[in-house]
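Beneath this line is the structure, given in structure tokens, with notes to follow.
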Amino acid sequence: MEVVVAHSDVTEIEVDVLVVNLFEGVTNPGGATGAVDSALGGLISELISDGEITGSTNELTLIHTPNSVYPSFKPARVLVAGLGSRESFDTDGIRRVSASVIRKLRSARVKHAATIVHGIGIGSIEVVSGSQAMVEGALLGAYRFLKYRTTDKNRKADVATLTIVEGDSSKIATIKTGVERAIAYSQAEILARDLVNEPANKLSPADLATVAQKVAADNGLSCIVLEEADVTKLGMGAYVGVSQGGPRPLKFIHVTYEGDVARPENNLWLIGKGITFDSGGISIKPGAGMGKMKGDMGGGASVIGAIQAISQLKPKLNVHVVCAATDNMPGGSAQRPGDVVTAMNGMTIEIDNTDAEGRLTLADAIGYAKSKDAVRIVDVATLTGAARVALGDGVSPVFGNDDDLVDAVLETSEIVGESMWRMPLDSVTKRQNASKIADLKNTGGRGGGSTTAAHFIADFAGKTPWVHIDVAATSMLDSTRGWMPAGATGVPTRSLIELAMKFGR
Ligand code: BES
Ligand code: MN
Ligand code: ZN
């Protein structure tokens, strides 16, 4: 779908469908909707007084406005989108409406559509963020993963062009800025979704490294890929232990964006869990639902997506992306429960359960970041089933050792509409990771599963400001929700981009 911005009167734009809107309770529409209403001889107000259009959330009303009947009105049809209550409308509302509109247009086989930016007339929403949310909603809401569907030929094609129409010339430049940002943010999130949706037989650690190298090459970034021998030499025994049960070689991916060359210490390290398939290893998972573990590199996908957008938006900050990619398989050479491994920082870990592999790979990824003088670390991981138990699939639990960094992550996640909630790192739960024979064990027993996992990682972050986002429940959905489709959501890619933009302002 191509997105363009046009300075035009809404009644004069030649498209298949023009999208306008209505807040709940409005009987006499103003603004662009009012202009359309007047051009149509009061048709919209009539439908409102008839009770057919109410402006409630999710209400979409398609009105046919043929040229033979309305010669001075160019759009062939008008879609009135209900926005719900004016008081509670925000950029999430814009993304949500925009997503359902774009799917409605597709199902009506519309090729060329135009839309006003919902909500920027009411004052509480800035033009730039409103426009960004509009286009994100459309691009993310239209997303489908179709590459392996070869037989359903009657599938409806995507909308070809979406024109953002605005009559006030003073707003055009700002809208264009919002649209540009939306495209970078959305393409990054779509890349993350594509990687998560990709089956494990099509996406090995080596394939993930190839994608990272391509993102780097296309955007002027440097990319280092370390092999098993390299990471073994660096002492990453925790990471290597996870990979040794399967035949596909591990790939340790490090991509760098240099936005502040003069100050290497002005950095942000984004570390993504990169398990390309998590069978559980010797502590093998039950069969039901195991296929979802193709998405266990969702953290890695989101950091690779994020650095693509970051390189395009160019914040004044150095961003490092790390993904310790590997499968977790139960082969004859797999690590066993009871094994002890030594991480890069010298700490020993008793492997209590080989299915708690994510924290092992993160421990060494963090060890690497610290060895390169990371000053801020944010890790993203599909880490624990307990995340869903704690908060469901609408909110990602967040942990951290630094209030400012935690607040920055929460603030940016709120801006982009990716809900997160801070959880405590209490000293009682921490004791659950104690091992009888090593410094730590990789499971924390019953209770607080997301917290014990976070405590484990915290021990490797040490004093470096660090935040951990557990996206086990939010990275994939069972059914479509607003701008997030069933399957991979791409969460929290846009939060990470926003975070880099905040630090690099
Ligand atoms: N990748 C899983 C966590 C997960 C579960 C992600 C469900 C998405 C959906 C992780 O490696 C894992 O297996 N965690 C275990 C930890 C346990 C063995 C301590 C879990 O959550 O059960
Ligand atoms: Mn696991
Ligand atoms: Zn896992």
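No lab work stands behind these numbers, since they all come straight from the coordinates. These numbers were taken from a predicted model, which means no experiment stands behind them. Here the Cβ is made from the backbone with ideal geometry for all residues, glycine too, and neighbour counts use every protein chain on show.
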Next item on the list: Using label points projected 7 Å from each Cα along Cα→Cβ, tell me how many nm separate Arg86 and Asp478, to one decimal.
Entry: 4.0
Margin query: Per q in 0.18 Å⁻¹, report the Debye log10 I(q)/I(0) for segment 95-158, using one uniform scatterer on each alpha carbon and no solvent.
Written below: -0.70
Margin query: Rg and Dmax in Å for segment 192-289, alpha carbons only: what are they?
Written below: 15.6, 52
Next item on the list: Putting +1 on Lys and Arg Cβ atoms and -1 on Asp and Glu Cβ atoms, find which of Gly394, Ile304, Ile349 reaches farthest to the positive end of the dipole of the chain.
Entry: Ile349
Notebook entry, point to check: Lys441: which aspartates and glutamates have alpha carbons under 16 Å from its alpha carbon, excluding same-chain residues fewer than 8 sequence positions away?
Noted result: Asp339, Glu350, Asp352, Asp355, Glu357, Asp364, Asp459
Margin query: If R₀ is 30 angstrom, what is the calculated FRET efficiency for the pair Thr150 and Ala217, using the beta carbon separation as r and rounding to 0.05?
Written below: 0.50
Next item on the list: May I ask you to derive the relative contact order of segment 1-137, considering only C-alpha pairs under 8 Å and at least 6 residues apart, and to give it as an integer percent?
Entry: 30
Notebook entry, point to check: What whole number of Å gives the distance from the Cα centroid of segment 246-325 to the Cα centroid of segment 163-177?
Noted result: 36
Check: Near Lys153, which lysines are there with a Cα under 19 Å away, not counting those fewer than 8 places off in the same chain?
Finding: Lys111
Notebook entry, point to check: So what's the Cα pair-distance distribution over segment 240-291, bin width 5 Å, in %?
Noted result: 4, 13, 19, 15, 13, 10, 9, 7, 6, 3, 0
Item checked: Separation in nanometres of the label points that stand 7 Å from Cα toward Cβ, at Asp403 and Arg388 -> 3.5
Item checked: Theoretical gain in end-to-end length, Glu12 to Ala229 [0.36 nm per residue, Cα-Cα removed] -> 71.6 nm
Margin query: For a quick check: with amide H placed at 1.01 Å from N, whose amide H comes under 5 Å from Met420's, ignoring anything fewer than 5 positions away on the same chain?
Written below: Ser396
Note to self: Suppose a student asked you for the relative contact order of segment 268-343, using Cα pairs under 8 Å spaced at least 6 residues apart; what percent would you report?
What the structure shows: 50
Check: At what distance in angstrom do the alpha carbon centres of segment 184-207 and segment 76-138 lie from each other?
Finding: 27
Item checked: FRET efficiency for Val375 and Ser72, using Cβ-Cβ distance with R0 set to 51 Å, rounded to 0.05 -> 0.25
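Efficiency by 1/(1 + (r/R0)^6): what FRET value for Ala486 and Lys463, r their Cβ-Cβ distance, R0 = 35 Å, to the nearest 0.05?
For Ala486 and Lys463, the calculated efficiency is 0.25.
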Next item on the list: Based on other C-beta atoms within 10 Å, arrange Phe277, Phe456 from fewest to most.
Entry: Phe277, Phe456
Margin query: How would Lys111, Lys285 line up from fewest to most surrounding beta-carbon atoms within 10 angstrom?
Written below: Lys111, Lys285
Next item on the list: Express in whole angstrom the spacing between the alpha-carbon centres of segment 1-62 and segment 384-411.
Entry: 39
Checklist line | Convex hull of Cα atoms in segment 251-374, direction-averaged projection (nm²) | finding: 8.2
Note to self: Longer than 20 Å from Cα to Cα, which of Lys214/Lys251; Lys273/Lys314; Lys316/Lys502; Lys202/Lys292; Lys202/Lys251; Lys273/Lys370 are they? Say none if no pair is.
What the structure shows: Lys273/Lys314
Notebook entry, point to check: Among Ser131, Ser479, which comes first, then next, by fewest other beta-carbon atoms within 10 Å?
Noted result: Ser479, Ser131
Item checked: Two-site label geometry, Glu126 and Lys176: point separation in nm, points 7 Å out along Cα→Cβ -> 1.9
Check: Using a ≥ b ≥ c from the Cα gyration tensor of the chain (square roots of the eigenvalues), is it rounded, prolate or oblate, where a/c under 1.5 gives rounded and otherwise the larger of a/b and b/c decides, a/b for prolate?
Finding: prolate
Item checked: Mean separation of Cα contacts under 8 Å, 6 or more apart, over the residue count of the chain: relative contact order % -> 15
Next item on the list: Report the one residue of Asn433, Thr276, Tyr143 whose Cα lies farthest in the direction of the positive end of the charge dipole of the chain (charges on C-beta: Lys and Arg +1, Asp and Glu -1; origin at the Cα centre).
Entry: Thr276
Checklist line | Estimated translational D of segment 6-148 in µm²/s (Stokes, Kirkwood radius over Cα pairs; 25 °C; 0.890 mPa s) | finding: 160
Checklist line | Chain lengthening between Thr27 and Ala262 when straightened (0.36 nm per residue, less Cα-Cα) | finding: 78.8 nm
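Determine one quarter of the surface area of the Cα convex hull of segment 322-367, which equals its mean projected area, and express it in nm² to one decimal.
3.2
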